[in-house]
Amino acid sequence: SKKEDEKPETGSPQLSHQKSYEQQRLENIRRNQEMLRLLNLEGLAAGLRKPKKAKIVKKLKKTEKPSKPSRRSLRVQGLGSDGKKLPDNFKGLATYVPDIPKLEEGSLQVSASNKDFLKELIGQKGEDGGKNDSPQVDAPTLAYAHRLSELCLAEKGVSKVTKERIYSVAIHPSESSIMCAAGDKRGNLGLWKIGGGVAGFHPHGNVIAGLLFDVRDSNRLYTSSYDGRIRMLDLKAQALSDVYHDPDTSFYEINQHKSTASCIYASDVFGVISAIDPRAKSLGESWQLHENKVFTVRVNEANPHQFVTASLDRTVRVWDSRKIKKSNPKALFELIHGLCVTGASFSPDGKYLQSCCNDDLIRVWECSKMSGEDPDPSSQIRHNNRTGRWLTKFKCEWDPKQSNAFVVGSLDRPRCIQVFSAQNSAKFKLTMRLRDDDYLGSVQSVNVFHPTLDVIASANSSGRCHVWQKYN
């Protein structure tokens, strides 16, 4: 029988109890093998076919298609907008994350109707909750704010003047009727008479960056463009003529002094300032004053030999045209900024100098206190200047009737324009915020005062102009 064939376990129960776990495991293996032998399973297993070896499938190497080159901007490739190689001294802008701008405290706030601000101003309370006996603004500023509060918009004071985004605006000095000129990004020029129609021209093939009514003959309107042309529109003769043309550059702003009307200063994309004679239609002088493009050039009305430039190279420089050397020009002052400076100008009386910078600051200097190569500003106004690529850059424009006040666009909501002035001291603060919810719903990047009337012309990025004045 099965039990008779099995061999007896070796050793006594006491010895089996003492076997280690390893010995017991080996014994179990031996018994199992013996059982397989008796059942003849080994022979059956030998008759089975050996399993086929799995075929090794070689993976075909995929032919890699040549990858398309990644898209890179012209600046990263070292090329300019025209496809030409950038100069070796070209400097790219560093990444800059400005703080959230906050308006300085103590500035005047205006209600939506611009009528109740005087009550709010006079009724301001002190820190103890009572009436503040020492007003935060002086009497002249208060009177100026009262005049501005009467400015508003009306249906006839809003019009589509150009087809594209407006880059420049000029207002005619006439007091009998208000007329505005606007230049857009496609070279279109629009002339708009308030309450009348709009006359359209196409004098340039690119952005019209500068507009200037001749200081001696307001019937002449000068235009400067990225296409390298400076042209003159004679309103009386109804004729358009070339003043100067340089196809190798792009002109930005133009400016002139009333005592030297025969000289027009023009800034360009290469940092060159040109002095052009509009009568001879020729270039008088030219100076390489910056390493990069110059956005603005403005003459000091109190000193015809002095002008200021604002550049992409993050500096504002003050110059004396009598002391500029061709080989190594040296500025009277070089004011360093955090990012590119989109505008700089002297006040009408020459007492102040302001700049508008992409680092979200508007800086103001008292000219009489400027000393050293890089003097500190007397006022710094936190202002959101991050207009981006779809809006025209902000510039501050002085009021010719109020030498300590200027207007600038705003990104605040509800949409508005802002006027800052010096209050009690040289500290500039917000004096007026003009808004009109019925007729204003866009950012007014370009703003300019009328030279003799309380009128402000504003323009946006859709070709629309707004005129702020006291309507009957």
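The values are calculated or read from the model by the stated rules, or taken from the named source; none is laboratory data. Computed from a predicted structure; not experimentally measured. Quick reminder, even Gly has a Cβ in these numbers, built from the backbone with ideal geometry, and neighbours come from all protein chains shown. What goes into the accessible areas is simple: the full protein's heavy atoms, side chains included, and nothing from ligands, DNA or RNA. Shrake-Rupley method; radii C 1.70, N 1.55, O 1.52, S 1.80 Å.
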By residue number, the members of the stretch 424-458 that are part of a loop (DSSP other than H, G, I, E, B), closer than 20 Å to Pro400 by Cβ and open to solvent by less than 10 Å² (accessible area, probe 1.4 Å) are Gln444, His450, Val455
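Applying the selection to the stretch 408-423, what residues are outside any strand (DSSP E or B), touching a residue at least 12 places away in the same chain (Cβ under 8 Å), closer than 18 Å to Arg386 by Cβ and not hydrophobic (A, V, I, L, M, F, W, C)?
First, pick out the residues of the stretch 408-423 that are outside any strand (DSSP E or B): 410-416, 423.
This time we only want the ones that are touching a residue at least 12 places away in the same chain (Cβ under 8 Å), so: 410-412, 414-416, 423.
From what is left, the residues that are closer than 18 Å to Arg386 by Cβ are 410-412, 415-416.
Matches in the stretch 408-423: Ser410, Asp412, Arg415.
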Result of the Cβ filter at 8 Å on the stretch 152-168, keeping first residues that are closer than 20 Å to Gly187 by Cβ and open to solvent by 60 Å² or more (accessible area, probe 1.4 Å) and partners that are outside any loop (DSSP other than H, G, I, E, B) and of a type in the set (Lys, Arg), at least 6 apart or interchain, is Lys160/Arg464
If Glu291 satisfies all but one of (1) open to solvent by 40 Å² or more (accessible area, probe 1.4 Å); (2) more than 18 Å from Ser410 (Cα to Cα); (3) without any contact (Cβ under 8 Å) to a residue 60 or more places away in the chain; (4) not polar (S, T, N, Q), what's the number of the condition it fails?
(3)
Search the stretch 185-201 for residues being in contact with a Gly (Cβ under 6 Å, 6 or more places away or on another chain) and within 18 Å of Tyr226 (Cα to Cα), and hand back the single one that is surrounded by the fewest Cβ atoms within 10 Å (Cβ to Cβ).
Gly187
For Asn328, only one of the following conditions fails: (1) farther than 23 Å from Asp376 by Cα; (2) outside any strand (DSSP E or B); (3) modelled with pLDDT of 95 or more. What is its number?
(3)
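Is it the case, given these coordinates, that Trp365 is farther than 24 Å from Leu411 by Cα and within 23 Å of the chain's Cα centre (by Cα)? Spell out how you get there, then give the answer.
On the way: farther than 24 Å from Leu411 by Cα: yes; within 23 Å of the chain's Cα centre (by Cα): yes.
Yes.
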Only one of Lys351, Lys395, Lys330, Lys326 is free of Cβ contacts under 8 Å to residues at least 12 places away in the same chain and either open to solvent by 20 Å² or more (accessible area, probe 1.4 Å) or among the β-branched types (Val, Ile, Thr) (or both); which?
Lys330
Under 8 Å by Cβ, and 6 or more places apart or on different chains, what pairs join a residue from the stretch 240-256 that is touching a residue at least 24 places away in the same chain (Cβ under 8 Å) with one that is acidic (Asp, Glu) and part of a loop (DSSP other than H, G, I, E, B)?
Ser250/Asp227; Gln256/Asp214
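Among Leu335, Leu339, which is the only one that is surrounded by fewer than 23 Cβ atoms within 10 Å (Cβ to Cβ) and either in contact with a helix residue (DSSP H, G or I) (Cβ under 6 Å, 6 or more places away or on another chain) or touching a residue at least 24 places away in the same chain (Cβ under 8 Å) (or both)? Let's see the steps before the verdict.
Details: Leu335 fails: surrounded by fewer than 23 Cβ atoms within 10 Å (Cβ to Cβ).
So the residue among Leu335, Leu339 that is surrounded by fewer than 23 Cβ atoms within 10 Å (Cβ to Cβ) and either in contact with a helix residue (DSSP H, G or I) (Cβ under 6 Å, 6 or more places away or on another chain) or touching a residue at least 24 places away in the same chain (Cβ under 8 Å) (or both) is Leu339.
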Some residue of the stretch 356-365 being over 23 Å from Ser458 (Cβ atoms), in contact with a Lys or Arg (Cβ under 8 Å, 6 or more places away or on another chain), surrounded by fewer than 22 Cβ atoms within 10 Å (Cβ to Cβ) and at pLDDT 95 or above:
no
When the stretch 201-245 is checked residue by residue, the ones that are in a loop (DSSP other than H, G, I, E, B), acidic (Asp, Glu) and farther than 22 Å from Arg165 by Cβ are Asp214, Asp217
